[in-house]
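Step one of this worksheet: look at the structure below.
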Amino acid sequence: NAGVTQTPKFRILKIGQSMTLQCAQDMNHNYMYWYRQDPGMGLKLIYYSVGAGITDKGEVPNGYNVSRSTTEDFPLRLELAAPSQTSVYFCASSYSSTIGNTIYFGEGSWLTVV
Amino acid sequence: QQQVKQSPQSLIVQKGGISIINCAYENTAFDYFPWYQQFPGKGPALLIAIRPDVSEKKEGRFTISFNKSAKQFSLHIMDSQPGDSATYFCAASMSTDKLIFGTGTRLQVFP
């Protein structure tokens, strides 16, 4: 009963490097999300997807890219990492975004850009 | 108008006391108001949720109070326990739309 699985758990990047945060869910959810969490700022939506092949920008998409080739996977790509991208990243999924459906979060990926 | 304002940012409560966290919203089209609980090192998890057709929902020691006219809702934790120490997020959404989260409240319950 894995739920939403994120890798890696921790990563240190140098400024200008690129990397991909992996996310997989085994609940057959059609909606998937990427959030970032900064102290005192709550959860900000980066990108989301309503199904395979469909992605859309959230509140803070700059510096990130996503793809959704399968229902299960929703990787987040950081291009040209900047210190402002130091954060905790959460992947999440839900059956749909309609009222009453629970969003399930992964355990997070701690990223530091130095 | 899409914001959800949450207060306080942090809260310290003695064991057995009542913890109260408040949220306010502007968009009257919001019709789903969940609370998420997050323990250190973990992702948030749904705690309790309410729809605007009721003014209160209770699940064990956790109660949501909803005031539609004031556009406010709050989480009450009765008989607070050290195990309740966590960060709590309120959120709101319209049907078929994404959740908008508050900024979070860090609750510490001391024995």
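The values are calculated or read from the model by the stated rules, or taken from the named source; none is laboratory data. Bear in mind that the values here come from a model prediction, so they are computed numbers and not experimental data. Because the Cβ atoms are built from the backbone with ideal geometry, glycine has one as well, and the counts that use them run over all protein chains shown. Heads up: the accessible areas ignore ligands, DNA and RNA and are worked out on the full protein's heavy atoms, side chains in. Shrake-Rupley method; radii C 1.70, N 1.55, O 1.52, S 1.80 Å.
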Output the residues belonging to the stretch B:1-10 that are crowded, with 19+ Cβ neighbours inside 10 Å and either in a loop (DSSP other than H, G, I, E, B) or hydrophobic (A, V, I, L, M, F, W, C) (or both). B:V4
Given (1) in contact (Cβ under 8 Å) with a residue 12 or more places away in the chain; (2) surrounded by 16 or more Cβ atoms within 10 Å (Cβ to Cβ), identify the lone condition not met by A:E59. (2)
For the list (1) of a type in the set (K, R); (2) in contact with a Gly (Cβ under 8 Å, 6 or more places away or on another chain); (3) over 21 Å from B:C23 (Cβ atoms), I need the number of the one condition that A:R77 fails. (2)
Looking at B:K68, is it at pLDDT 95 or above and of a type in the set (K, R)? no
If B:S80 meets every condition in (1) touching a Phe, Trp or Tyr at 6+ places or on another chain (Cβ under 8 Å); (2) open to solvent by less than 10 Å² (accessible area, probe 1.4 Å) apart from one, which number is that one? (1)
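To keep it simple, each residue is scored yes or no on (1) in contact with a helix residue (DSSP H, G or I) (Cβ under 7 Å, 6 or more places away or on another chain); (2) modelled with pLDDT of 95 or more.
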residue	(1), (2)
A:N62	no, yes
A:N65	no, yes
A:S69	no, yes
A:E72	no, yes
A:L78	yes, yes
A:T86	no, yes
A:F90	no, yes
A:S97	no, no
A:Y104	no, no
The one condition B:A24 fails out of (1) touching a Ser or Thr at 6+ places or on another chain (Cβ under 7 Å); (2) of a type outside the set (F, W, Y); (3) at pLDDT 95 or above; (4) within 11 Å of B:A91 (Cα to Cα) is (1)
Could you list, in sequence order, all residues of the stretch B:90-108 that are in contact with a Ser or Thr (Cβ under 8 Å, 6 or more places away or on another chain), in a strand (DSSP E or B) and either open to solvent by 10 Å² or more (accessible area, probe 1.4 Å) or within 14 Å of chain A (Cβ to nearest Cβ) (or both)? B:S93, B:I100, B:T105, B:R106, B:Q108
Mind listing whichever residues of the stretch B:24-63 are surrounded by 15 or more Cβ atoms within 10 Å (Cβ to Cβ), more than 14 Å from chain A (Cβ to nearest Cβ) and hydroxyl-bearing (S, T, Y)? B:T63
